[in-house]
Each structure stands twice: as structure tokens, then as C-alpha cells.
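Read the structure below first, then the notes.
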Amino acid sequence: MHFVRKGIAARKLGKPPGTIANYSVERGRKTVAQVFEYGADYCNESLCEQIDELKTFAKSSERQWISISGLSDENYLNQLSEIFEIDKLTMEDILNPNHRPKFEVFDGYIFVVMKILTLNSSGRPEAEQVSLILDETRVLLFKEKDADVFEPVRERLRKVTGKLRNFGPDYLALMLIDVVVDNYLYVLDSLSDTMDVYEEELIKHTDKFSADLMHSFKRELSYIRKVSYPLREITSGLMRSDTRFIKKETELYFRDVHDHVVNVIETIDSLREMAKEIYDLYISKISVRTNEIMQTLTIISTVFIPLTFIVGVYGMNFENMPELKLDWGYFGVWGIMIICALVMVAFFKRKKWL
């Protein structure tokens with residue numbers, strides 16, 4: 001149930017990642033429904049741009065996956081809710097891109113709201129809301145972007161082999177949730193690699209490191225933690241829900257996904273601790289560097305204190321200062337000052353202060 005991706009691109013140093021961008025409903029974006037009607041020995045794929053095309057599928061008793069991309073056409077979505085008998089409050093939650101992830105059981109279906117994380121071209125996480133409706137014969141998936149994150153599930157449906165065609169729509173819903181959870185792990189893996197790069201850069205070039213990077217990482221991780229914790233409630237609720245929509249043979253697989261969610265949460269906590277440790281290391285290195293500078297300045301000041309005293313004494317210009325009349329007086333003072341400086345430097349080195 002894992003769809004592994006390779007090739008994690010680390011972010012460029014020196015540019016704070018900032019907060020995670022959320023997809024919002026794009027006005028004017030066309031709503032399109034992709035329909036998979038499948039069974040043990042067949043899989044039919046259709047693309048429905050007109051709402052009337054979905055009426056035939058609503059009357060069918062075959063297993064279906066209907067993926068709706070684009071949530072700006074309210075007329076399309078209102079008619080869709082009537083065709084599939086979706087509650088109006090559910091549709092309001094679907095159209096709200098900032099809704100908290102949750103899990104609800106209705107008389108005719110199960111409703112799930114999740115946030116799926118992806119990485120953009122610069123390696124920064126982006127969050128998109130994904131809503132899922134599961135009834136006895138179909139799964140309806142609502143999302144704003146027509147992303148390819150669910151393409152592995154489509155490929156498995158198109159293949160003859162595998163459990164996906166033989167199991168019911170509850171197993172399909174499980175696979176879609178598993179993709180969401182796996183994407184969390186993929187994003188967290190990328191953040192972990194990038195933090196390793198920052199830590200190495202901090203050790204090598206402390207003066208070029210920016211503390212804003214760690215603050216930005218902590219903000220991102222806090223948001224990921226906020227949207228991932230409800231996933232534990234969702235998978236636990238689906239695993240224990242006593243409804244006709246989830247079969248007994250599927251509950252075992254939900255336990256596996258629940259374990260993945262726990263792994264996500266533990267990884268987030270680990271990365272948050274790692275970000276704190278990197279920031280503490282940065283503060284420690286800055287403190288050490290500051291102490292080294294202060295030590296150097298203190299030694300220089302200490303060396304010049306007796307020299308300043310000597311110069312101050314002979315700068316008073318009293319009439320009865322015998323050394324002022326000596327021919328070698330100027331060179332003698334210089335010699336005393338040099339000897340004082342050398343003695344103090346030797347003393348500092350003996351104490352290992354230099």
C-alpha cells in the first residue's frame with residue numbers, strides 16, 4: 001500500500017521556506033468528473049464534463065470511483081449533490097478549503113475531510129484539502145487541483161491483478177487515504193533531508209546561517225502537525241466504526257494505515273525536536289564565537305593597560321622628571337613597554353588564553 005517516490009530536492013539555502021501555502025477554490029476553473037466503474041474482470045474509465053452524464057452512473061449498482069476536480073462551479077456541484085443525495089452541510093464543508101480534517105458518519109455515507117501535502121518546484125510544502133464520500137457502491141473524491149498524487153491508485157485499477165478490483169469501495173477509500181498518509185511521509189522525508197543540509201551548513205559556515213530558517217521550519221512543522229493529528233482520529237474512527245460501509249475484512253488494512261499515521265506524528269515530533277536542536281546549536285556557536293571575540297578584545301585591552309599607564313605618566317610634563325633629560329630616555333621607555341607586552345603575552349599563552 002505504499003507508493004514510493006524518489007528524488008528529493010533540497011531547498012536553496014538562505015531563503016526561508018515560510019508558511020505552507022493552502023490551495024483555495026479557483027473561480028472560473030472548470031469542474032470535471034473522472035469516473036472509474038470497475039469489477040473483478042473489467043474497468044471502464046470515463047471523463048464527464050457535463051453533469052447530466054453522471055446521472056447514469058448514479059443509478060448504477062456497480063463499484064465506482066468518481067473523482068471531481070475543480071470546485072468553483074456551484075451549479076455543477078449543487079446538481080451533483082442532488083444526484084448522489086449529498087447533504088447540503090456536507091457540500092458546504094467540501095467547498096470550504098480551510099476546513100479542519102474530520103470524519104463523520106451519515107445515514108447514507110461516510111464523509112472524510114483531509115489535507116494532502118505535496119512539494120512544489122522549490123521544495124516547499126503545499127496543502128490541499130481533499131474530501132471523500134464513501135457509500136455502499138462508490139467513492140466520491142473532491143479536490144481543487146487535478147494533481148497526479150492519486151495516479152498510482154488509478155494505475156492499480158487499470159491492472160487486472162491485485163486486490164483493488166476484487167474488494168469493495170471501502171478498500172478503494174482505504175487506498176486513497178493511504179496515499180494521503182504516504183505523501184506526509186514523503187514531505188517529511190524531504191524536510192528531514194533539507195534540515196540535514198542546513199545543519200551541515202551551520203557547522204561549516206555559522207556566519208552565513210540565518211536563524212529565520214529554523215523559525216520557518218518550525219512554523220511548517222507546526223502546521224503539518226495540526227493537520228496530521230486529526231488523521232489519527234479519522235483512521236481510528238474508520239477502523240472501529242460499526243457501519244455497513246466498511247467490511248470486516250477491510251478493518252485489518254485500516255489498522256495498517258493507522259500505524260502509518262502514528263509514524264507520521266512521531267516523525268513530525270522528531271523533526272520539531274531536531275529543528276529545536278539545530279537552533280540551539282546555532283545559538284551555542286554564536287555564543288562561542290562572541291566569547292572568542294570578547295576574549296581577543298580583552299587580551300588586547302589588557303596588554304595595552306600598562307603601556308597606557310607608562311605613556312600617561314610620562315605625558316604629565318612635570319619639571320622635575322629626571323628621565324625626561326636622559327639621552328636614552330625615549331628608547332628606554334620603548335624597551336620597557338615592549339618587555340611588558342611580551343611578558344603579558346607569554347603569561348596568557350602559559351595560561352592557554354591565547
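Every number in this text was worked out from the coordinates using simple rules, so none of it is lab data. Being a predicted model, the structure only gives us computed values, none of them experimental. Backbone-built Cβ (ideal geometry, glycine too); neighbour counts: all protein chains shown.
Could you tell me how far the Cα centroid of region 311-348 sits from the Cα centroid of region 244-302, in Å?
59
Convex hull volume of the Cα atoms in region 27-70, per residue, in Å³?
61
Where the only charges are on Cβ atoms (+1 Lys, Arg; -1 Asp, Glu), what is the dipole of the chain about its Cα centre, to the nearest 20 debye?
That gives a dipole near 1280 debye.
Could you give the length gained by full extension between M321 and E277, i.e. 0.36 nm per residue of separation minus their alpha carbon distance, to one decimal place?
Extending this stretch completely gives an extra 9.5 nm.
For the chain, build the charge dipole from Cβ charges (+1 Lys, Arg; -1 Asp, Glu) around the Cα centre, then report which of S81, V261, V187 sits farthest towards its positive end.
Ranked along the dipole, the leading option is V187.
Just checking my list [x] 120, 41, 31; [y] 70, 65, 48; [z] 64, 44, 38 against Cα extents along the principal axes in Å computed from this structure; which label fits?
Read-out from the structure maps to [x].
Report for the chain the percent antiparallel among DSSP-assigned beta bridges with both residues inside it, nearest 5.
So the antiparallel bridges in the chain amount to around 80 percent.
Below 8 Å, C-alpha to C-alpha, sequence gap of six or more: please give me the relative contact order for the chain in percent.
17
Of K115/K204; K59/K247; K226/K285, which pairs sit farther than 25 Å apart, going by alpha carbon to alpha carbon?
K115/K204; K226/K285
What are the extents of the Cα atoms of region 229-334 along their three principal axes, listed from largest to smallest and rounded to whole Å?
Result for region 229-334: principal-axis Cα extents of 113, 19, 10 Å.
So if I place +1 on the C-beta of Lys and Arg and -1 on the C-beta of Asp and Glu, and nothing else carries charge, what would the dipole magnitude of region 190-310 be about its Cα centre? I want it in debye, nearest 20.
Approximately 400 debye in magnitude.
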